[in-house]
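The values are calculated or read from the model by the stated rules, or taken from the named source; none is laboratory data. For clarity, every value in this text was computed on a predicted model and none was experimentally measured. Here the Cβ positions follow ideal geometry from the backbone for every residue, glycine too, while neighbour counts run over all protein chains shown.
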């Protein structure tokens with residue numbers, strides 16, 4: 001997470017409504033109610049896009065953030081049981097499929113992109 005994005009998250013936490021149970025809430029104008037409404041975000045992906053825009057960072061979905069976290073844990077050699085707990089999977093087979101996907105795809109993607117950029121840099125030199 002960039003320093004700018006962290007700063008936006010921290011400001012959002014500090015500015016939360018004192019009586020709201022939600023950290024991530026917003027005030028918006030409802031055309032149907034013809035008034036301003038204060039409520040939680042119903043789409044956290046929309047919320048993350050707004051934060052990224054404010055931080056001038058590339059946008060991401062929360063599912064992508066979940067994938068990133070699993071990839072980092074997997075590279076740190078977290079056990080399937082740890083990943084299952086983190087992902088809240090009821091069935092360990094689901095976690096094994098999920099973790100296996102990241103183990104293989106991340107390595108292949110890194111190698112493919114590394115080879116591509118190495119060749120591009122060599123050709124440019």
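I need the full set of residues from the stretch 60-81 which are surrounded by 14 or more Cβ atoms within 10 Å (Cβ to Cβ) and at pLDDT 85 or above, in order please.
Once the filter is applied, which keeps residues that are surrounded by 14 or more Cβ atoms within 10 Å (Cβ to Cβ) and at pLDDT 85 or above, the stretch 60-81 yields 78, 80.
Looking only at the stretch 42-71, which residues are part of a loop (DSSP other than H, G, I, E, B) and either in contact (Cβ under 8 Å) with a residue 40 or more places away in the chain or farther than 20 Å from residue 4 by Cβ (or both)?
42, 43, 56, 57
Only residues that are assigned to a helix (DSSP H, G or I) and over 20 Å from residue 62 (Cβ atoms): list them for the stretch 1-40, please.
3, 14
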